[in-house]
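Report on the structure given below.
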Amino acid sequence: MSRIPFYLKERLENLRERVLHERFEASKLPVWERIVLTWAALLAFWVVISADLEPRNLSLGAAVTLIIASFMRDLLTEDIRRSGHVLEKLLYFAFLYLPQYLIIMAFRLIESNLKVAKNVIFLDIHPGIVKIKTDLHSDTGVTILANSITLTPGTLTLDVSKKLGETYLYVHWIDLETLNREKAGEKIKGDIEEWLKKVFW
């Protein structure tokens, strides 16, 4: 049996990965923007945890979080994609994207709780594992999507698979409504993936 098809498949996969990596590198935020965004997130966390708005505490928190942000800049913001000024990014995330995500998750949690309660009461449970495709490529975006799916009752993300530039999630679904990958993806991901595509690549 000829090894040519396997060789071509391997070469094609390497080429797609290289193109994806080049697109990723080209769309990265500048280093100083990543530091500022990480610093803002850590400072907000500092204020919430310390619950102290005195100038001394704020200045200490600003200094400490700035030092940490300079080392952690790639951990939190490497996958963020948005053009525009850094202040615009901060305002969009704080006043538009974060509230949108919280509202979407709140409605999904309520809806999922009601469905699971109905399934338990009427003993109408048809569990199964479904493979769904996501258009997200970044590790952060896929991780948030997988965790959001797991947080909603009735679904549990079991595994993530990346092949030929495409990402798939294996999800355990308590009430398997369809085996069609597209329809299952729409029902499980809902609006969460569309929201994540605004922020992550």
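The values are calculated or read from the model by the stated rules, or taken from the named source; none is laboratory data. Model, not experiment: these values are computed from the prediction. Using ideal geometry, Cβ is built from the backbone for each residue, glycine included, and neighbour counts are taken over all protein chains shown. Ligands, DNA and RNA are excluded from the accessible area calculation, which covers all protein heavy atoms including side chains. Shrake-Rupley method; radii C 1.70, N 1.55, O 1.52, S 1.80 Å.
Of the helices (runs of 4 or more DSSP H) lying entirely inside the range 92-201, those containing at least 1 residues that are open to solvent by 30 Å² or more (accessible area, probe 1.4 Å) and closer than 27 Å to Asp74 by Cα span 98-121, 139-151, 192-199. Of the residues making up the range 126-165, just one is small (Gly, Ala, Ser), within 17 Å of Ser112 (Cα to Cα) and out of contact with any strand residue (DSSP E or B) (no Cβ under 7 Å at 6 or more places or on another chain), namely Ser148.
Residue by residue through the range 151-184, note down the ones that are small (Gly, Ala, Ser) and closer than 24 Å to Arg16 by Cα.
Let us first name the residues in the range 151-184 that are small (Gly, Ala, Ser), namely 154, 161, 165, 184.
Passing the criteria: Ser161, Gly165.
Would the range 111-131 turn up any residue that is within 18 Å of the chain's Cα centre (by Cα) and within 30 Å of Val31 (Cα to Cα)? Within the range 111-131 (the criterion being within 18 Å of the chain's Cα centre (by Cα) and within 30 Å of Val31 (Cα to Cα)), the answer is no, since none of the residues qualifies.
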